[in-house]
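Data block below; observations after.
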Amino acid sequence: MSHIEGERSFIPLRIAVVTVSDTRTLSDDKSGDTLAQRIEGVGHILAAREIVKDDADIIEILLKRWIGDADIDVVIATGGTGLTGRDVTPEAFQRVCEKDIPGFGELFRWISYQKIKTSTIQSRAMAILANGTYLFALPGSTGACKDAWDDILVHQFDARTRPCNMVELMPRLNEHLK
């Protein structure tokens, strides 16, 4: 096994959380609370938090605002990733997408399968890159948010994760614009 030289330091990211729901409020948004607590609990910064209706136009407007904000590195959406007519978060994400990150959805569903078996096929969890910002769409359940954060995102948002992580890529995400 090769030895990798040098220690890496933790780099706090500025993460925005949006809950997509026609019924949730800040007082009963358990999934948003779960993400916010985990984000801040490891030392990242909760840069913004909102609740928006299941409406692709409204979601798209918010996403464009946040990906245009230099003080936001990551956007995590919870809700609207299912199969019903009101579930439109992935469609809104596609409207702003520059690059898909298919491995996230694939890994999320594999992890989810360990807990909810074949019901995981109903999830359209996904990740994309837009304007140098990472965007993740998670199901609206608290369990799904815990799985995505605890088993994937906490590691990929930590610059100390070896052999590689999403943080170390951030300075190069917009190099196609130079």
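Selection of the range 132-147 for residues being surrounded by fewer than 18 Cβ atoms within 10 Å (Cβ to Cβ) and not small (G, A, S) yields T142, K146. Among the residues of the range 3-52, those that are assigned to a helix (DSSP H, G or I), out of contact with any Leu (no Cβ under 8 Å at 6 or more places or on another chain) and loosely packed, with under 15 Cβ neighbours inside 10 Å comprise K30, Q37, G41. For the structure I just gave you, tell me whether E98 is surrounded by fewer than 18 Cβ atoms within 10 Å (Cβ to Cβ), without any contact (Cβ under 8 Å) to a residue 60 or more places away in the chain and in contact with a strand residue (DSSP E or B) (Cβ under 8 Å, 6 or more places away or on another chain). So E98 passes the test.
The condition of being more than 22 Å from G41 (Cβ to Cβ), touching a strand residue (DSSP E or B) at 6+ places or on another chain (Cβ under 6 Å) and in a helix (DSSP H, G or I) holds for only one of G80, G105, that being G105.
Picking from residues in the range 58-80 that are of a type in the set (G, A, S) and more than 15 Å from the chain's Cα centre (by Cα), the one that is surrounded by the most Cβ atoms within 10 Å (Cβ to Cβ) is G68. The residues of the range 93-148 that are touching a Pro at 6+ places or on another chain (Cβ under 6 Å) and polar (S, T, N, Q) amount to a single one, S123.
Taken together, the values in this text are just the output of simple stated rules run on the coordinates, not laboratory data. Values in this document were obtained by computation on a predicted structure and should not be read as measured data. Cβ: placed from backbone, ideal geometry, glycine included. Neighbour counts: every protein chain shown.
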